Amino acid sequence: MRSRRMTLPRGRLSAATAAAFIALIAVVAPACNIEKPGAVKLCCDQPRIPPGVPPFAVVIDEVTGPTDGQDVKMRVAFKQKTKRDDVYPALHFLYRYAMTRNTFEPINFVGEFYATEGGAQTGGNPIAKVWRDRDSKGPKCENAVLLEFAEEVQRALDSSLNRAEVEDLADTCHLEEKKKVARIDDGFKHKPTFTLDAANRSTTVTYPYLEPGKDEYVHALSFNEAMTYWAEFTTAMFSKSADLKQLTYVGVLDDAPVLKITVTRQQFDEKLSRVQETISSYAAITFAKLGLHKTDDKGAKKDQEQQKTKTYKAALSFLPKESVFVSPKLKLN
């Protein structure tokens, strides 16, 4: 079929003629390109993601080398926001998929996870990674997904209570199932708790003062003893929770608050971060006096307690009065 060729009219076009000509082009032009671009397709075979594994799509699947000596590099993108702990099942699944999809395992494998398909296309710093080198017996993993605020505070509290899980450097992929270690306080009625104000990045920790190893309140509690717990919790919570902006510590005795102190991160950083260090430094001085026989055990203990009281009172003096409550039930040393 002979193609039609449009020719422009000679001479100056009137406004009406020009408008009609433009309209004609708009109608005829699409007919010149009948084929439409197809939908963008993912590059590769997509594994069937089992239940319990966060869904992801394979965006890059590079395979080089002979059948029995392949180097494999895969980039995948999560299809939804994924929590840090939930990343590990995805790492496990991608590793098993890459190792078992062909007759021979790759001799080198790298699987990178990204938050978006665009990120996986361009590469860069993945949010998680699983790999195995030629000389490795098993996989290794990296997980750079940040904890959510509630998770961060929970881990900070666990650390304060010496309940934090110890990271196994030999099992970076978390392949081994962690056994729960029973603790004597698991069945206690009185337990430390926390509440969150996620919008303001603040938390309130409630801590009951109990007899060691017993689910009952202590019979007596001094100001220094109560403040020691406050200093330890405040230091641990702010150091372990990077997003925490404000902490309220509530110390409870006989089901009633005896200590309530609210501290912002700025106040902690500027005035309170060295409270424990100050007390520890003076303890070293007291110990040296004992070694030089300049005091006895009783005198050293009294001196140390007086210094603690002075340090804690100085720390509280930096805070607004409405941020501090100390019950008269707490006896001074």
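The values are calculated or read from the model by the stated rules, or taken from the named source; none is laboratory data. Computed from a predicted structure; not experimentally measured. When we count neighbours, we look across all protein chains shown, and the Cβ atoms used for this are built from the backbone with ideal geometry, even at glycine. Calculation scope for accessible area: heavy atoms of the full protein, side chains included, ligands and nucleic acids excluded. Shrake-Rupley method; radii C 1.70, N 1.55, O 1.52, S 1.80 Å.
Among 94-106, 43-55, sorting by the average number of other beta carbon atoms lying within 10 angstrom of each residue, highest first, gives 94-106, 43-55.
List the pairs from Lys240/Lys310; Lys271/Lys313; Lys83/Lys140; Lys214/Lys308; Lys189/Lys302; Lys83/Lys180 whose alpha-carbon separation is above 24 Å, in the order I gave them. Beyond 24 Å: Lys240/Lys310; Lys214/Lys308; Lys189/Lys302. Of the peptides 68-77, 116-125, 253-262, the order by per-residue mean of other Cβ atoms within 10 Å, starting with the highest, comes out as 68-77, 253-262, 116-125. Rounded to whole numbers, the Karplus 3J(HN,Hα) couplings from phi for the stretch 93-109 are 5, 4, 5, 4, 4, 5, 7, 10, 6, 10, 4, 10, 6, x, 7, 9, 9 Hz, using 6.51 cos²θ - 1.76 cosθ + 1.60 with θ = phi - 60°, and x at Gly and Pro.
Given +1 at the Cβ of Lys and Arg, -1 at the Cβ of Asp and Glu and no other charges, the dipole of the stretch 100-253 around its Cα centre is 120 debye to the nearest 20. For the peptides 318-324, 237-243, residues were scored by their other Cβ atoms within 10 Å and the scores averaged per peptide; the highest-first order is 237-243, 318-324. What a 1.4 Å probe finds exposed on the stretch 123-244 is 49% carbon and sulfur by accessible area, rounded to a whole percent. For the stretch 195-269, the list of GluC sites (Glu not before Pro) that fall in a loop by DSSP and count at most 13 other C-beta atoms within 10 angstrom reads Glu216.
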